[in-house]
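Read the structure below first, then the notes.
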Amino acid sequence: MSIGPIEYIVVGFPGNKFKGEIVPALAELVENGTIRILDLVFIIKDEEGNVAAVELADLDPEDEAAAMADISEVESGLLNEDDIALAAEALEPNSSAGMLVFENVWATRFAEAVRNADGQLIANERIPYDVVQAALAYAAAESGEES
């Protein structure tokens, strides 16, 4: 079975302020075949620092996060208690996070070609948005000075 690169992200929401605009953007990625969601857990840390994890299947239908259930069927089970505890360590009290494991379906063919060529991944890192913006602004300023 061919499979694309697998990644995980943890997106925090200080003050437990989850905004629904994430749901349509994520749904679009799934519908377009860009990603496939493998697991998704919501992590909640209360004011005293107590942590609770909620799977999609356990969400209250009235909860605004329940809209995530419409994205796709999730093959739960990849994330375990240790993963959740590690993610929760980064959360401040009275905050929450979504922890998402997904396959980069768009890269399946390329990943398979690399494996078939006995290639080995040497490095892979996401560059934060702020770093990219600062680098682009610097490059634009530099090119403007030379003109």
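The values are calculated or read from the model by the stated rules, or taken from the named source; none is laboratory data. Note that the structure is predicted; figures quoted are calculated from it, not measured. Cβ placement follows ideal geometry from the backbone for every residue including glycine, while neighbour counts extend to all protein chains displayed. Heavy atoms of the whole protein, side chains included, go into the accessibility calculation; ligands, DNA and RNA do not. Shrake-Rupley method; radii C 1.70, N 1.55, O 1.52, S 1.80 Å.
What to note about this one:
- For first residues located in segment 122-136 and farther than 18 Å from residue 9 by Cα, partners that are of a type in the set (A, V, I, L, M) and lie 6+ apart or on another chain with Cβ distances below 9 Å form the pairs 135/127.
- The residue list 76, 147, 143 contains one member that is more than 23 Å from residue 10 (Cα to Cα), open to solvent by less than 100 Å² (accessible area, probe 1.4 Å) and either at pLDDT below 90 or among the hydroxyl-bearing types (Ser, Thr, Tyr) (or both), which is 143.
- Of the residues 88, 69, 57, 65, the single one that is within 16 Å of residue 13 (Cβ to Cβ), in a helix (DSSP H, G or I) and modelled with pLDDT under 90 is 65.
- Applying the condition of being closer than 15 Å to residue 84 by Cα and in contact with a helix residue (DSSP H, G or I) (Cβ under 8 Å, 6 or more places away or on another chain) to segment 9-48 and asking which residue is surrounded by the fewest Cβ atoms within 10 Å (Cβ to Cβ) yields 11.
- Residue in segment 121-128 that is assigned to a helix (DSSP H, G or I), open to solvent by less than 80 Å² (accessible area, probe 1.4 Å) and within 30 Å of residue 53 (Cα to Cα) present: no
- Among the residues of segment 90-120, just one is in contact with a helix residue (DSSP H, G or I) (Cβ under 9 Å, 6 or more places away or on another chain) and loosely packed, with under 10 Cβ neighbours inside 10 Å, namely 120.
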